[in-house]
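Asker: Here you go, one structure.
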Amino acid sequence: MKERLFTFEQIHIEVARNASDDFNLFHDKHKWLEITHNPFKGPIVLGFQLNTLIEYQMRLYREANHEDRIIADKQLRFSNYQTIFVNALRPRQELSLDIKKTLINTIPDLTLTNRVTIKSQGKTVLLGYKKESTKPLFLADTDLSGVPDLETLPDKSIVPNTDYFLKRKWMHNGNVKNFLSGSLAEQSDYFDDLAHIANYPEIFPCSLTSGVLLEKAQLENHNFKMNPMVYTSHDISIDRFLLKQIKNSDKVYILVKQLPENKNNTLNNSAVLLRTYECYGLLANKEVLFRIKLNLAPLEEILKNVRSAV
């Protein structure tokens with residue numbers, strides 16, 4: 001696929017962060033200045049915005065190459081994103097998106113795979129893969145059938161006998177449309193109110209986890225100005241079958257938990273320890289809509305590592 005060029009404006013960031021309840025200071029056009037030793041010199045684009053841009057461009061790619069028919073015929077139920085964030089992207093920085101030709105694997109199961117790269121100003125911003133599969137490629141072995149009835153639990157609480165933090169989120173068509181537009185995706189390819197068509201995109205429900213993690217950190221008295229955290233990677237699996245069932249005002253129960261720190265889990269084999277979170281979006285019957293493994297790192301530690309390497 002020929003590289004395509006895009007540019008985010010600040011209004012795109014405003015729209016996307018408001019639609020997904022993401023109050024991270026890195027995206028705030030005023031409060032980014034309050035972050036200690038912020039190297040980005042301005043607000044930056046949301047990671048889930050970039051994932052949504054990839055989602056939409058992959059949709060167009062699949063349709064152009066008739067691969068959407070393969071996905072439907074072979075019941076490739078799960079859409080998977082494997083993303084590594086290398087550099088931040090600021091508004092008005094032109095970016096290029098490159099999608100490599102689809103690789104079709106049949107062992108052990110049928111999988112469609114595309115390598116995806118985003119670059120800006122001669123630097124790699126994001127690299128990763130978009131994959132279609134019959135089974136979730138991430139956190140597939142997690143069994144959440146034993147959690148209690150989540151509707152009976154207080155919002156923003158720890159699920160009994162687990163390490164999961166619970167936050168309820170409601171799906172609203174208006175927020176989804178805004179998030180699509182904020183991510184440079186054409187909302188009319190998903191929604192047509194006159195024809196009563198409302199097809200939810202894959203990444204939007206997943207994007208709500210950022211706000212949930214922020215709320216969890218806020219309750220834990222985390223100092224967002226003195227100790228900011230940045231995403232280093234996203235591993236996402238979304239159930240397309242369940243996604244098709246989502247309607248306006250539906251509720252999604254989001255569960256997040258931090259895994260124990262591991263000295264072997266570092267940023268590019270450096271001294272920077274990663275903080276890993278498992279996140280799940282459940283529907284009312286405990287069916288798992290999405291599974292996400294997130295890695296974050298303290299900005300201060302990343303900057304120290306960069307300085308020590310120079």
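None of the figures in this text is laboratory data; all of them are computed from the coordinates on show. Keep in mind the model is a prediction, meaning the values are calculated, not measured. Here Cβ is always computed from backbone atoms with ideal geometry, including for glycine, and neighbour counts include all displayed protein chains.
Asker: Go ahead and estimate [θ] at 222 nm for the chain from helices alone: -39,500 (n - 2.57) per DSSP H run with n ≥ 4, summed, over the residue count, rounded to 500. Walk me through the numbers before you get to the answer.
Answerer: Numbers: 7 runs with 77 residues, N = 310.
Rounded to the nearest 500, the figure is -7500 deg cm²/dmol.
Asker: Given an 8 Å cut-off on Cα distances and at least 6 residues of separation, report the relative contact order of the chain as a percent. Mind showing how you got there, number by number?
Answerer: Values: 589 pairs, mean separation 64.4, N = 310.
Relative contact order of the chain: 21 percent.
Asker: While we're here: Holding the Cα-Cα limit at 27 Å, pick out from Lys177/Lys257; Lys135/Lys251; Lys29/Lys247; Lys74/Lys244; Lys130/Lys304 the pairs that are longer than that. Write out the running numbers ahead of the final one.
Answerer: Values: Lys177/Lys257 29 Å; Lys135/Lys251 24 Å; Lys29/Lys247 32 Å; Lys74/Lys244 17 Å; Lys130/Lys304 32 Å.
In this structure, Lys177/Lys257; Lys29/Lys247; Lys130/Lys304 exceed 27 Å between Cα atoms.
Asker: In whole Hz, what ³J(HN,Hα) sequence does region 73-81 give by Karplus (6.51, -1.76, 1.60; θ = phi - 60°), x for Gly and Pro?
Answerer: Listing the rounded values in order: 5, 8, 6, 7, 5, 10, 9, 10, 10 Hz.
Asker: Give the distance, in whole Å, between the Cα centre of region 224-262 and the Cα centre of region 53-131.
Answerer: 19 Å
Asker: Could you pull out the longest piece of the chain with no exposed loop GluC sites (Glu not before Pro) in it, calling a site exposed if DSSP puts it outside H, G, I, E, B and it has at most 13 other Cβ atoms within 10 Å?
Answerer: Working: sites that count: Glu3, Glu9, Glu94, Glu186, Glu220, Glu261.
That gives 95-185 as the longest site-free run.
Asker: What ratio of Cα Rg to 2.2 N^0.38 Å holds for region 10-134? Don't skip to the end; give the middle numbers.
Answerer: On the way: Rg = 16.9 Å, N = 125, 2.2 N^0.38 = 13.8 Å.
Normalised Cα radius of gyration, region 10-134: 1.23.
Asker: Between Cys206, Leu103, Gln49, whose Cα lies farthest towards the positive end of the dipole of the chain when Lys and Arg beta carbons carry +1 and Asp and Glu beta carbons carry -1, centred on the Cα centre?
Answerer: It is Leu103.
Asker: Looking at the chain, what % of the alpha carbon pairs are farther apart than 29 Å? Let's see the in-between values first.
Answerer: On the way: 16613 of 47895 pairs.
That fraction is 35 percent.
Asker: Translational D (Stokes-Einstein, µm²/s) of region 54-118 at 20 °C and 1.002 mPa s when Rh comes from the Kirkwood sum over C-alpha pairs?
Answerer: Numbers: Rh = 13.5 Å.
Once the numbers are plugged in, D ends up at 158 µm²/s.
Asker: May I pose another question? Per the Kirkwood definition applied to all pairs of different Cα atoms, how many angstroms is the hydrodynamic radius of region 127-268? Display every interim value, and only then the final one.
Answerer: Numbers: mean 1/r = 0.0566 Å⁻¹.
After inverting the mean inverse Cα-Cα distance, the result is 17.7 Å.
Asker: Show me the ranking of peptides 268-274, 21-27 by mean Cβ neighbours inside 10 Å, starting with the highest. Provide the component values of the computation, followed by the final result.
Answerer: Working: 268-274: 14.3, 21-27: 20.4.
Ranking, from highest mean packing down: 21-27, 268-274.
Asker: Need one number: the % of Cα-Cα pairs in region 189-307 sitting beyond the 22 Å mark. Spell out each step's value before the answer.
Answerer: Numbers: 3176 of 7021 pairs.
Here the tail beyond 22 Å accounts for 45 percent of pairs.
Asker: If I build a Gaussian network model for the chain, linking alpha-carbon pairs within less than 10 angstrom, which residue out of Gly211, Gly174, Gly281 has the largest mean-square fluctuation?
Answerer: Gly174
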